[in-house]
1. Can you run down the residue pairs with Cβ atoms below 7 Å, 6 or more apart or on separate chains, where the first is in region 73-85 and touching a residue at least 60 places away in the same chain (Cβ under 8 Å) and the partner is open to solvent by less than 100 Å² (accessible area, probe 1.4 Å) and assigned to a strand (DSSP E or B)?
2. How about region 152-178: which of its residues are assigned to a helix (DSSP H, G or I), of a type in the set (Asp, Glu) and without any contact (Cβ under 8 Å) to a residue 40 or more places away in the chain?
3. Where in region 47-89 are there strands (runs of 3 or more DSSP E), lying wholly inside it, with at least 3 residues that are open to solvent by 60 Å² or more (accessible area, probe 1.4 Å)?
4. Which of the residues spanning region 54-73 are touching a Phe, Trp or Tyr at 6+ places or on another chain (Cβ under 6 Å) and among the charged types (D, E, K, R)?
5. Search region 90-104 for residues being outside any helix (DSSP H, G or I) and not aliphatic (A, V, I, L, M), and hand back the single one that is nearest to Leu20 (Cα to Cα).
6. Can you name the residue in region 110-129 that is modelled with pLDDT under 70 and in contact with a helix residue (DSSP H, G or I) (Cβ under 8 Å, 6 or more places away or on another chain) and, of all such residues, is most open to solvent (accessible area, probe 1.4 Å)?
7. Just to be sure I understand, how many residues within region 1-46 are modelled with pLDDT under 80, within 23 Å of the chain's Cα centre (by Cα) and farther than 17 Å from Lys99 by Cα?
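The values are calculated or read from the model by the stated rules, or taken from the named source; none is laboratory data. Worth saying up front: this structure is predicted, and the values here are computed from it rather than measured. Ideal geometry is used to build each Cβ from the backbone, glycine not excepted, and the neighbour counts take in all protein chains shown. Note: accessible area is taken over every heavy atom of the protein model, side chains too, but ligands, DNA and RNA are not part of it. Shrake-Rupley method; radii C 1.70, N 1.55, O 1.52, S 1.80 Å.
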Amino acid sequence: MKFIFVIFYFSTLSLNAQILEKKYIKINDKSVLEVINNNNIILKYPIIYGDLIKTKNFLNLEYEIKNDTLNYIEDGINKTFLIKEKMLINYSNQDVFIKEEEYLKRLTLVIFDNENFYIRFPKTSNGIIVEDYINNDSEVLNNKLKKKLKNINKNKYNVEIIKGFEAIEKYGYEGINGVIVIKKK
């Protein structure tokens, strides 16, 4: 009976333990949090001097994971991040890191009359999305959204743009690149 309890205890621990990805990127300044091993992380902050970009590194900061939080000390200050979805969130100073592989895939959420659309790089004119650029050579916009926007009467709609931490708080991971809400007045 003791053997079964020990197996159950350790399997429960492994289910509840959070596992960090290798690398996270901070959404507002592109700082990097890199996991070295089970105890240490490196933080790399970009420092810009005119056209020159250098990084400030904090080497081998010890971290600890308790339940769903990551804790470490940087320059004598305790930092606590909630491990949530594909993100690390520090609510006290509104810092958000996302997994490196997600950083390049992030999309802007567009809510048009309570229907969700996802676009990569919105180009707007008078507050209305007119194009979505994936890169400089190709132009792509969700066809259904494009059709809706083509026939829109701008005077009958309000456009709200929600950015940064506010978008993440309100919409979770979907708000990571901002949210454009278009609804009738």
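1. Pairs that qualify, where the first residue is touching a residue at least 60 places away in the same chain (Cβ under 8 Å) and the partner is open to solvent by less than 100 Å² (accessible area, probe 1.4 Å) and assigned to a strand (DSSP E or B), are Ile83/Thr69; Ile83/Leu70.
2. Correct list: Glu166, Glu169.
3. Once the strands (runs of 3 or more DSSP E) in region 47-89 are filtered for at least 3 residues that are open to solvent by 60 Å² or more (accessible area, probe 1.4 Å), what remains is 52-66, 77-84.
4. Lys56
5. Here the residue is Lys99.
6. Top of the filtered list is Asn126.
7. Total meeting the criteria: 2.
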